[in-house]
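Participant: The following block contains the structure, expressed as structure tokens.
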Amino acid sequence: MKTKKMNMRDLIRLMKALDREVANCSRCGICQSVCPLYAVTGDESDVARGKIMLLSGLMTSFFENPHGVRQRLDRCLLCGACAAACPRGVNTLELFLTARGIIAGYEGLSLVKKLIFRRILSNPRVFDRVMEWASRWQSLVLKKSDIPAGSCGTLVSPLLSHRHLAPLAMVPFHKMLPEQTQLPGRSGMRVAFFVGCLLDKVFPKVAIDIGRVLTAHGFQVIIPPDQGCCGIPALAAGDQASFQRLASHNLDRFDPLTFDFLVTGCATCTAAIKKIWPAMVNAASPDQSAAVARISEKTYDVMQFLVEVAGVRPSGQEREIVGGPIITYHDPCHLRKTLNISSQPRIVLSASGAGRFVEMPDAGSCCGMGGSFNLAHYDLSTAIGEKKVACIEASGASIVATGCPACMIQLADMLARQKDHVQVVHVMELYAENILESAPGPK
């Protein structure tokens, strides 16, 4: 059952605003050459140009077949490759998110999506309890795999046993710091840490390592309790209401006047706070609007922060042990394409001295995750992911590092499907392990 909540006047107003943005597209087709989905399907309608042409006739096509329009718009990784390559500067990511919101507002959300986004995800304490319950019972549906890539497991169901999933942590990061929400620092600068759902609930070790690294570099680390999701999953599903609720929830916990910088270890969270919040948050007041702008200005990916603020530099010569590991790096789309962060992670890897770095071919290509795209279009996600695995294998690396927990999950799945024993890690794990073995911070 679905409900229609958007009245016709609001619908037409939003469509007209969308039409003005769509008009900026010259239909040049450059997006076709960079779209990872088109490289697999060869379908023009999967390219940004094709979707924009669909949106240009949205008034007609929407009323004739809104479900069909929605299906086409949902076949998108939201990777940002088209926006990064567009010579006209068309913000396709924002366009598609807005269009999804319009259609969801008209058609309504399914009961399942309402339950997930409005009852669970947009209520962080409820979400935490659900995930903690799921972590206790996951062994009933997830069995340990003998492939070490990301320590993933396989589903018990024979129909789904080909999928490899990263298990939920038995103890999430927020439970490791029940009382202490600030870690000391000597520099006098205060850094707020936006943890994000996946680091908190799947990769708490990465969150711990980030806290240790920042503290060791002399920063006071502020970890506000009761943090929520950045809101991108809800926004990608067209649920504007849940996105706005999550943004407001986090704004209440991250007062930009109480810290000098905000750091995340998740590419998607960084892009959301820095780019999507200023564009898509409907501020309830001028003060909230100003807070969104200030937080955006202060937000850094942790690897970018280490290089541009903490002053981390390449080692000059790799402190490589003879016979040490070969390491390669996968560029998360939301870092490289949305935020133009590419050299900084490689500098941090060099500074770590964790091994010999070898650049993989096409390191900036998408891994195929795309959040909910992986769930709705697993076959396409896999086809894109297998291309990335070939690039990793071509490097000869035994370790692939990245800066996005969602990419970590996808890479681990794709490598495990190929019976490949390449280990998947976050860059901060290598940096902490090799530089900060005795650094203070949560253990």
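Participant: Any idea which of SER365, SER343 is under 28 Å from ASN91 (Cβ atoms), at pLDDT 95 or above and surrounded by fewer than 20 Cβ atoms within 10 Å (Cβ to Cβ)?
Facilitator: Testing whether each residue is under 28 Å from ASN91 (Cβ atoms), at pLDDT 95 or above and surrounded by fewer than 20 Cβ atoms within 10 Å (Cβ to Cβ) leaves just SER343.
Participant: A follow-up question, please. Quick one: which of ALA291, ALA283 is surrounded by 15 or more Cβ atoms within 10 Å (Cβ to Cβ), touching a helix residue (DSSP H, G or I) at 6+ places or on another chain (Cβ under 6 Å), part of a loop (DSSP other than H, G, I, E, B) and among the small types (Gly, Ala, Ser)?
Facilitator: Going through ALA291, ALA283 in turn, just one is surrounded by 15 or more Cβ atoms within 10 Å (Cβ to Cβ), touching a helix residue (DSSP H, G or I) at 6+ places or on another chain (Cβ under 6 Å), part of a loop (DSSP other than H, G, I, E, B) and among the small types (Gly, Ala, Ser): ALA283.
Participant: Which residues, taken from the range 15-29, are of a type in the set (Lys, Arg) and modelled with pLDDT of 75 or more?
Facilitator: As a first pass, look at the range 15-29 and keep what is of a type in the set (Lys, Arg): 16, 20, 27.
Once the filter is applied, which keeps residues that are of a type in the set (Lys, Arg) and modelled with pLDDT of 75 or more, the range 15-29 yields only ARG27.
Participant: All but one of (1) within 16 Å of CYS404 (Cα to Cα); (2) modelled with pLDDT under 95; (3) touching a helix residue (DSSP H, G or I) at 6+ places or on another chain (Cβ under 6 Å) hold for SER315; state the number of the condition that does not hold.
Facilitator: For SER315, the exception is condition (1).
Participant: Being out of contact with any helix residue (DSSP H, G or I) (no Cβ under 6 Å at 6 or more places or on another chain) and either outside any loop (DSSP other than H, G, I, E, B) or at pLDDT 95 or above (or both) is the requirement here; does VAL389 meet it?
Facilitator: Considered against the rule, which asks whether it is out of contact with any helix residue (DSSP H, G or I) (no Cβ under 6 Å at 6 or more places or on another chain) and either outside any loop (DSSP other than H, G, I, E, B) or at pLDDT 95 or above (or both), VAL389 comes out as no.
Participant: Here's a follow-up. May I ask you to list the residues in the range 361-375 that are among the hydrophobic types (A, V, I, L, M, F, W, C) and without any contact (Cβ under 8 Å) to a residue 40 or more places away in the chain?
Facilitator: ALA363, LEU375
Participant: Checking ARG253 against (1) farther than 28 Å from ASP74 by Cα; (2) within 17 Å of the chain's Cα centre (by Cα), only one condition comes out false. Which one?
Facilitator: ARG253 satisfies every listed condition except (2).
Participant: Sticking with this one: Among the listed residues VAL307, VAL263, VAL322, identify the single one that is at pLDDT below 95 and β-branched (Val, Ile, Thr).
Facilitator: Values: VAL307 fails: at pLDDT below 95; VAL263 fails: at pLDDT below 95.
Matching residue, one of VAL307, VAL263, VAL322: VAL322.
The values are calculated or read from the model by the stated rules, or taken from the named source; none is laboratory data. Given the structure is predicted, the values throughout are model-derived calculations rather than measurements. No Cβ is skipped: glycine too gets one built from the backbone with ideal geometry, and neighbour counts run over all protein chains shown.
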